[in-house]
Structures are given as C-alpha cells and as structure tokens.
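Presented below is the structure to which this report refers.
The values are calculated or read from the model by the stated rules, or taken from the named source; none is laboratory data. Please read these numbers as outputs of a predicted model, since none were measured by experiment. Virtual Cβ from ideal backbone geometry, glycine too; neighbours counted across all protein chains shown.
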Amino acid sequence: MAEHVGLCADAPLGCPCRGDAAIHEDRSRALAEARAAAAEPVECPECGAATTPVSIATWGNCRACRTAHSRSTHPLRW
C-alpha cells in the first residue's frame, strides 16, 4: 500500500481506495475471487453478454459496454 493518498499500486486498474486500507482490502479480495473464477464466464449486467469475472469486478461491465460508453462520452476520440 502506498503512503501517499491516491497512489495505490492498483490505481491504474481502477482501485478506488485513495489510500484507505479497508477499501483497498475489500477490492483486493473481490479481484482475487474474480481471478480464481476466471475460467467461468459470467453475464454482463448491462447487455447480458458473456464476459470474465475480472472484467466485472474491475470495470463493472464487459469490454463492448465499456467501449460503447467511451464512444458516447468522448466521441471525438473515435
């Protein structure tokens, strides 16, 4: 765990802890469980497509839904 607020080692992966150890531990536990179940596909809560548990634990939806969201919020990047 980093000593600076907001600089967690998992920050590039979307960790919302901002230095709070309890939030970091909860998220780390959820990601570890998702990685352990990586062979089993799960449904995306937005579109119902099959995706990995890590994708759901990290971003909350599948790659296609993330791309669609990105295109709707930042249209000039596409």
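Data overview
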quantity: Boolean, CYS62 is within 18 Å of GLY14 (Cα to Cα) and out of contact with any Pro (no Cβ under 8 Å at 6 or more places or on another chain); calculated: yes
quantity: Filtered residues of region 37-70 (kept if assigned to a helix (DSSP H, G or I) and either in the same structural domain as CYS15 (by TED's automatic domain parsing) or among the charged types (D, E, K, R) (or both)); calculated: ARG63, ARG66
quantity: Answer residue from region 15-31, given it is surrounded by 12 or more Cβ atoms within 10 Å (Cβ to Cβ) and of a type in the set (Gly, Ala, Ser) and is modelled with the lowest pLDDT among those; calculated: GLY19
